[in-house]
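To keep things clear, I will list the structure first and then write my remarks on it.
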């Protein structure tokens, strides 16, 4: 399922926190690692950028070779790349060129926008590559460097992998990878779907009976859809539960994360809004910003409607 895993680095301990889970996944799937360190030198107008670029390249080369060495000693195949570009573009280009199956990167809501740790960089990488991204939230206790912990879905087989759905094929693009990880690590899957409150869609109407009927229909349709997906996925040998609610999708997803102590949220990053559906792009960004747990973002195939 996974043959090549890309890990972006920026020289910080925060970015390096992604190395432990990436190494563990590489071992489990017998995959190779691709370590990427982007460089971009800013100089004043009229100043020759050559010397600065060369110095930055040598520093990056020494750093990334030093990071790769102990991983290679564990018997894992490691390649390195030092693209000269902005982080999001350089990472995405390497992901596409090397045809990686997964990007694992640290995120941190308090980091500056130009660093690898900012959620906007994660979404920028996703925008320019078809590779799924496992975004890991890195925290730091006062006075201590971030610890290299494995995501809980890799250490606790009872921690569910949550897959938000909206009834579309685009949202279901996250299911295969979620199923694959659940099978390897023994986690149950939890399929969830939030129904947008019909009062939002019928704001210009003042017919309580109509609103109530629409809400009942939406809830029934959601439950039938989730049950059909549960039967489909469980027929392939996975443990599957379902849960639904009426309300804001991002709020419901976070509620499920907390209530079930989820090990991972696997979700598509784009979708189409409509009655009983949600715009997965904005929901994914909200969940990425707010959730403290790991988020697996999968970009749907463009040909799906």
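Where a number appears in this text, it was derived from the coordinates with a stated rule and is not lab data. This is a predicted model, so every value here is computed, not measured. Reconstructed Cβ throughout: ideal geometry from the backbone, glycine too, with neighbour counts over all protein chains shown.
In terms of surrounding Cβ atoms within a 10 Å radius of their Cβ, 57, 252, 97, 29 rank from fewest to most as 97, 57, 29, 252. Computed extension gain for residue 292 through residue 40, at 0.36 nm per residue and net of the alpha carbon distance, reaches 87.7 nm.
Would you mind ranking 91, 64 by Cβ crowding within 10 Å, fewest neighbours first? It would help to have the intermediate numbers written out before the result.
Numbers: 91 32, 64 19.
Sorted ascending by nearby Cβ count, the order is 64, 91.
Where the centre of each part is set by its Cα atoms, how far does the stretch 158-183 sit from the stretch 1-38, in angstrom? Computed from Cα coordinates, the inter-centre distance equals 22 Å. Stretched out straight at 0.36 nm per residue, the stretch from residue 221 to residue 28 would grow longer than its current Cα-Cα span by 65.6 nm. Starting from the Cα of residue 1, move 7 Å in the Cα-to-Cβ direction to define the label point; list residues of the stretch 80-100 whose amide nitrogen is under 20 Å from there. Within reach of a label on residue 1: 99-100. For the pair residue 97 and residue 183, the difference between a 0.36 nm per residue extended length and the Cα-Cα distance amounts to 28.1 nm.
Between residue 228 and residue 73, the modelled labels are 5.5 nm apart [label points 7 Å from Cα along Cα→Cβ]. With neighbour counts taken as other beta-carbon atoms within 10 Å, the residues 225, 84 rank, fewest first, as 84, 225.
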